[in-house]
Amino acid sequence: MTPVTRQEVLGLYRKVFRIAKKWQSASGQIEETIKEQEYIKNEAKTLFRKNKNVTDPKLIKQCIEECEARIEIGLHYNIPYPRPIHLPPMGLAHKQGRTLRHQEKLRKISKPIYLKSHDEVS
């Protein structure tokens with residue numbers, strides 16, 4: 001990892017923890033706020049530790065983009081949890097009888113960047 005990339009990743013890590021420290025839940029309830037703050041911290045620790053040995057520059061860039069996307073979406077919607085994707089069960093299938101395996105492949109490819117690591121962790 002280059003020094004610039006390392007600084008960028010550490011900056012994102014600090015940014016996530018600053019956000020968690022200032023986080024207020026949409027409901028305004030203290031219990032809910034504490035629960036969401038803990039979720040943000042635990043999710044950040046888990047994902048950053050999981051990816052600490054990544055050396056491929058393309059994969060590092062993808063992880064950074066995912067982190068930035070999740071931060072922006074979380075702040076915009078005031079929801080710390082990943083937003084689900086809404087695809088109809090057979091919405092990606094072709095009308096000429098593709099197999100279920102092909103549908104699953106298409107569904108995986110169509111997953112937004114901010115959800116790439118969510119399924120692996122949870």
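The values are calculated or read from the model by the stated rules, or taken from the named source; none is laboratory data. The structure presented is a predicted model; accordingly, all values stated were derived computationally and were not measured. With ideal geometry, Cβ positions are generated from the backbone for all residues, glycine too; neighbour counts draw on all protein chains shown. Just so you know, the surface numbers come from the protein's heavy atoms only, side chains and all, with ligands and any DNA or RNA stripped out. Shrake-Rupley method; radii C 1.70, N 1.55, O 1.52, S 1.80 Å.
Accessible area per residue for the stretch 20-59, computed on protein heavy atoms with a 1.4 Å probe, is 75 Å².
You can think of it this way: the chain between TYR39 and TYR77 has 12.1 nm of extra reach, that is 0.36 nm per residue less the Cα-Cα gap. Pairs with C-alpha atoms separated by more than 22 Å, drawn from the list LYS21/LYS58; LYS22/LYS45; LYS15/LYS45; LYS15/LYS61, are LYS21/LYS58. When peptides 63-71, 21-29 are ranked by their average number of other Cβ atoms within 10 Å per residue, the highest-first order is 63-71, 21-29.
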